[in-house]
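Taking it in order: structure first as structure tokens, then the write-up.
Rule-based calculations on the coordinates, nothing more; no lab input. In this text, all values refer to a predicted model and were calculated from it rather than measured experimentally. In this analysis, Cβ positions are derived from the backbone assuming ideal geometry, glycine residues included, and neighbour counts consider all displayed protein chains.
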Amino acid sequence: MKLSGYAHDAVNLDAIFAALADPTRRSILARLAAGEASVNEIAAPFSMSQPAVSKHLRVLERAGLIERDVDKQRRPARLKAQPMAAAVNWLDEFKQFWSSSFGELDGLLDDLKKSETKEARE
């Protein structure tokens with residue numbers, strides 16, 4: 001696993017993970033995965049004001065997870081996949097670490113079971 005965080009990464013993982021930490025923002029991203037939407041369309045299922053939803057959208061935009069256009073009076077938002085892919089790649093490095101650790105643990109447990117079975121027979 002390569003060391004990350006010691007050099008300036010092109011993608012700000014701190015901002016991405018901070019944005020993803022909020023369940024409302026994750027719901028907004030799930031909505032935008034179906035296609036672009038206006039603030040009013042995004043706000044519809046939530047019991048919060050449009051300005052509150054706009055604040056969530058600004059956090060997502062600063063993290064690079066969405067982009068917004070100005071289309072007359074409508075400001076549609078759309079999902080940007082590249083920053084999320086960078087976060088997934090970063091997490092995948094740890095997945096590989098944990099997979100090998102769990103493999104080693106499985107081997108140890110198998111050895112312990114064999115040892116217990118052998119002792120029970122004696």
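Quick notes on this structure:
- For the chain, adding -39500 (n - 2.57) for each run of n ≥ 4 DSSP H residues and dividing by the number of residues yields -21000 deg cm²/dmol at 222 nm.
- Contact order for segment 9-122, expressed relative to its length and based on alpha carbon pairs under 8 Å spaced 6+ residues apart, stands at 26 percent.
- Placing +1 on the Cβ of every Lys and Arg and -1 on the Cβ of every Asp and Glu, with nothing else charged, gives the chain a dipole about its Cα centre of roughly 780 debye.
- Here the contact order of segment 45-107, divided by its residue count and restricted to Cα pairs under 8 Å and six or more residues apart, works out to 19 percent.
- Top positive-direction residue, dipole computed over segment 13-121 with Cβ charges, set LEU105, LEU13, PHE94: LEU13
- Cα pair distances exceeding 18 angstrom across the chain, given as percent: 63
- Put in line by how crowded their Cβ is, counting other Cβ atoms within 10 Å and starting with the fewest, LEU65, LEU108, LEU29 read LEU108, LEU29, LEU65.
- When the chain is described by a simple charge dipole with +1 on each Lys and Arg Cβ and -1 on each Asp and Glu Cβ, the residue from SER115, ALA81, ILE28 located farthest towards its positive end is ILE28.
- Lysine-lysine proximity count for the chain, Cα under 28 Å, sequence distance 8 or more or distinct chains: 7
- Sequence of ILE28, ILE16 once ranked by neighbouring C-beta atoms within 10 Å, starting from the fewest: ILE16, ILE28
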